[in-house]
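Working notes, structure below.
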Amino acid sequence: MRSDSERASIAKIASAAAGGIITLERAAEILGTSRLNASRRMSALVNGGWLSRVRRGIYSVRPLDAAPGTPIAEEDPWVVAARVFAPCYIGGWTAAGHWHFTEQLFRATMVVTRRRLRRADVTIGGSVFHVVRDSNERIHGLTPVWRSNSRVLVSSIERTILDACAHPAWVGGGGQLIAIFRAAVNDGLTTTDKILAAAREAPSGAALGRLAVLVDRYWPSATDVATYVAEHRGTGYVRFDPAVNENGSLNTRWGVWLNVAFETDTT
């Protein structure tokens, strides 16, 4: 039988767990104790079957009405990411899927964080994450969504595009970047004003160059975007897809080697 102290601890932890996930630091705060004491209490609750340790310092909380020892349901990977890798957002191919830009499936959830990382591929419980670091403190372009009663940030349509222009690998390569951009434009999911606002926070001139190539080919009416890029992209040459070793032909206007296949129609 649980003691009153144990029941009180479980209740406090459960109420503070966002989406069923809680960190050791947050547990110490709500229990009003040191990190060491909190770690001991959390370990006891793990042994009692009330918590599951999904990673060092990260715990999944069993619903209060569930009996100890029954399996803890797998948590939403977005919620896990928001707790484990904060400050972060869901981006890249996962954001592209969220906005219905692509039907390509990726096993790993793509997470962009400002934290320093020891490795890019992380498995937590049954969830696989591909985590990349972006130290640029861009404040716009993140959209809050609710998952399992938890607020999680995902890159907006425009930020997903600009992130992919900076890092094509984040969406699976240059071919996927083209498909995502065309889907956004052809389906009317963005506007020139929104893309221009995102371009003003582009992390690199390379991102602007790739964006300009896409605008030229698939959105020629977006002249304001092209004008902005012409004034701010800087100098130098980049491959449209850095992962492809061949250069292809050079777009001298935007300084981009066109080393992927481009569709010629705009429908």
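Within region 143-248, list the chymotrypsin sites (Phe, Trp or Tyr not before Pro) lying in a DSSP loop whose Cβ has at most 16 other Cβ atoms in a 10 Å radius.
Here the chymotrypsin sites (Phe, Trp or Tyr not before Pro) that fit, given the DSSP loop and packing criteria, are 237.
Provide the net charge surrounding residue 88, with neighbours chosen by a C-beta distance below 10 Å and charges set as Lys +1, Arg +1, Asp -1, Glu -1.
Net charge around residue 88: +3.
Scan (1) 1.02; (2) 0.96; (3) 1.09 for the value of Rg/Rh (Cα atoms, Kirkwood Rh) calculated from this model and give just the label.
Structure-derived value, by its label: (3).
Loop sites only, by DSSP: take the GluC sites (Glu not before Pro) in the chain that have at most 16 other C-beta atoms within 10 Å and name the longest stretch containing none of them.
1-73
Work out the FRET efficiency for residue 47 and residue 142 from their Cβ-Cβ distance, taking R0 = 35 Å, and round it to the nearest 0.05.
In this case the efficiency is close to 0.35.
Note the full-extension length gain between residue 187 and residue 223 as 0.36 nm times their separation in residues minus their Cα-Cα distance, in nm to one decimal.
Using 0.36 nm per residue and subtracting the Cα-Cα distance, I get 11.1 nm.
Mind telling me which of 206, 198, 86 comes out most flexible in a GNM of the chain, alpha-carbon contacts under 10 Å?
86
Mind giving me the nanometre distance, one decimal, between the label points for residue 30 and residue 261, set 7 Å out from Cα along Cα→Cβ?
So the label points at residue 30 and residue 261 sit 5.2 nm apart.
With a/c under 1.5 counting as rounded, go ahead and sort region 179-232 into rounded, prolate or oblate using the C-alpha gyration tensor (a ≥ b ≥ c being the square roots of the eigenvalues; past the cut-off, prolate if a/b is larger than b/c, else oblate).
Cα axes put region 179-232 in the prolate bin.
Each label point is 7 Å from the Cα along the Cα-to-Cβ direction; what then is the distance between the points at residue 8 and residue 250, in nm?
Each label point is offset 7 Å from its Cα along the Cβ direction, giving 7.3 nm.
Quick query: amide H of residue 54 versus all other amide H atoms, modeled in the peptide plane; which residues come in under 5 Å with a sequence gap of 5 or more or a different chain?
When sequence neighbours closer than 5 places are left aside, the close amide H contacts are 59, 60.
Under a 5 Å amide H to amide H cut-off, with H placed in plane at 1.01 Å, what residues pair with residue 238 once short-range neighbours are removed?
256, 257
Positive end of the charge dipole of the chain (Lys, Arg +1 and Asp, Glu -1 on Cβ, about the Cα centre): tell me which of 60, 191, 152 has its Cα farthest that way.
After comparing all options, I get 60.
How large a share of the accessible area of the chain, in percent, is made up of carbon and sulfur atoms when the probe is 1.4 Å and the other protein chains stay in place?
48
Taking the Cα centre of each part, how many Å lie between region 232-252 and region 143-206?
Using only Cα atoms to place each centre, the spacing works out to 20 Å.
Calculate the translational D of region 176-267 in whole µm² s⁻¹ from Stokes-Einstein, where the hydrodynamic radius comes from the Kirkwood formula applied to all Cα pairs, the temperature is 25 °C and the viscosity 0.890 mPa s.
Rounded to a whole number, D works out at 183 µm²/s.
Taking every DSSP beta bridge that has both residues in the chain, what percent is antiparallel when rounded to the nearest 5?
Here the antiparallel bridges make up roughly 75 percent for the chain.
The values are calculated or read from the model by the stated rules, or taken from the named source; none is laboratory data. All figures in this text were calculated on a predicted structure; none of them were measured in a lab. When we count neighbours, we look across all protein chains shown, and the Cβ atoms used for this are built from the backbone with ideal geometry, even at glycine. For accessibility, only protein heavy atoms count, side chains too; no ligands or nucleic acids. Shrake-Rupley method; radii C 1.70, N 1.55, O 1.52, S 1.80 Å.
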